[in-house]
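All remarks here apply to the structure that follows.
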Amino acid sequence: SLTKKIENEEWYQAMIDDCQAIITETVFTSRMALIEGKHALGKRILQELERGEEVLLHACAKSLGMSERNLRYCIEFAKKYPDLKKALDSFEEQKNISWNKIRTLYLPKIKPAPCQHENLIVICAHCRRKIKDYESKIKKE
């Protein structure tokens, strides 16, 4: 077939190799940009923590559209690895490192903040509908 013929051409293989290298470098560059950004975010928030951690994290999370837990990971990253270059050199994954790997392999596990909601919402396991007035139904029984 025509496709098989093109795939066997030397110029085609060279182009595919170039494209794969571009993809690899682009993925690496985007991962590094995210990691550098998370580190910078953690360092910046660390500078202000003496103002009150809980209040600051809650306000930052709301203003930045991020979870408090994610911000805590950024802060832990900056605390544990103040020198980002040394940290990146020390990770065994090298070019295959990602923010997810850093969070799961190199930082302490951070539990989600306890929920502040007061109202209980119950969803039927069978039909997946919200059961209104669940508490009042329980009290009647």
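What GluC sites (Glu not before Pro) in region 43-98 are in a loop by DSSP, with at most 16 other Cβ atoms within 10 Å of the Cβ?
Numbers: sites: 48, 50, 53, 54, 68, 76, 92, 93; in loops: 48, 92, 93.
For GluC sites (Glu not before Pro) across region 43-98 that sit outside H, G, I, E and B with at most 16 neighbouring Cβ atoms in 10 Å, the list reads 48, 92, 93.
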*Would you please give the FRET efficiency between residue 95 and residue 125, computed as 1/(1 + (r/R0)^6) with r the Cβ-Cβ distance and R0 = 41 Å, to the nearest 0.05?*
0.35
_Option label - percent of Cα pairs over 21 Å apart computed here, alternatives [x] 63; [y] 39; [z] 52_ = [x]
_C-alpha center-to-center spacing [region 92-114, region 45-64] in angstrom_ = 21
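Any idea what the dipole of region 22-74 comes to, in debye rounded to 20, about its Cα centre with Lys/Arg Cβ at +1 and Asp/Glu Cβ at -1? Could the numbers behind the result be given before it?
Details: 8 positive and 7 negative charges, 17 e Å.
Its charge dipole is roughly 80 debye.
Apply the membrane-span-like helix rule to the chain: whole DSSP H runs, Cα extent along the own long axis of at least 15 Å, mean Kyte-Doolittle hydropathy at least -0.5. List the helices found.
Values: long enough: 10-46 (54 Å, 0.11); 53-64 (16 Å, 0.57); 68-80 (18 Å, -1.02).
The answer, listed by residue number, is 10-46, 53-64.
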_I need the phi-derived Karplus couplings for region 96-111: 6.51 cos²θ - 1.76 cosθ + 1.60, θ = phi - 60°, integer Hz, Gly and Pro marked x._
9, 6, 9, 4, 4, 5, 4, 4, 7, 9, 10, 10, x, 5, 10, 6
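Mind checking the per residue accessible area of the chain for me, 1.4 Å probe, whole number of Å²?
Values: 11040 Å² over 141 residues.
Accessible area per residue: 78 Å².
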*Would you tell me the accessible area of residue 12, worked out with a 1.4 angstrom probe on the heavy atoms of the protein chains, in Å² to the nearest 10?*
50
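Per DSSP H run of n ≥ 4, the term is -39500 (n - 2.57); total these for the chain, divide by its residue number, and report the mean residue ellipticity at 222 nm rounded to 500 deg cm²/dmol.
Mean residue ellipticity, 222 nm, calculated: -18500 deg cm²/dmol.
What's the carbon and sulfur percent of the chain's accessible surface, probe 1.4 angstrom, rounded to a whole number? Before the final figure, lay out the partial values.
Values: 6110 of 11040 Å².
Using a 1.4 Å probe with all protein chains present, the chain comes out at 55 percent carbon and sulfur.
Suppose accessible area is computed on protein heavy atoms with a 1.4 Å probe; arrange 60, 127 from highest to lowest. Intermediate values should be presented prior to the final figure.
On the way: 60 30, 127 60 Å².
Order by accessible area, largest first: 127, 60.
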_Other-chain or far-sequence residues with amide H under 5 Å of residue 131's (modelled H)_ = 122, 123, 124
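Nothing charged except the Cβ atoms of Lys and Arg (+1) and of Asp and Glu (-1): what's the magnitude of the dipole of the chain about its Cα centre? Round to the nearest 20 debye.
Numbers: 26 positive and 21 negative charges, 193 e Å.
Dipole magnitude for the chain comes out near 920 debye.
The values are calculated or read from the model by the stated rules, or taken from the named source; none is laboratory data. None of the values given here were measured: they were computed from a predicted structure. Heads up, the Cβs are rebuilt from the backbone with ideal geometry, glycines too, and the neighbour counts pull from every protein chain shown. Remember, those area values only see protein heavy atoms, side chains included, never the ligands or the DNA or RNA. Shrake-Rupley method; radii C 1.70, N 1.55, O 1.52, S 1.80 Å.
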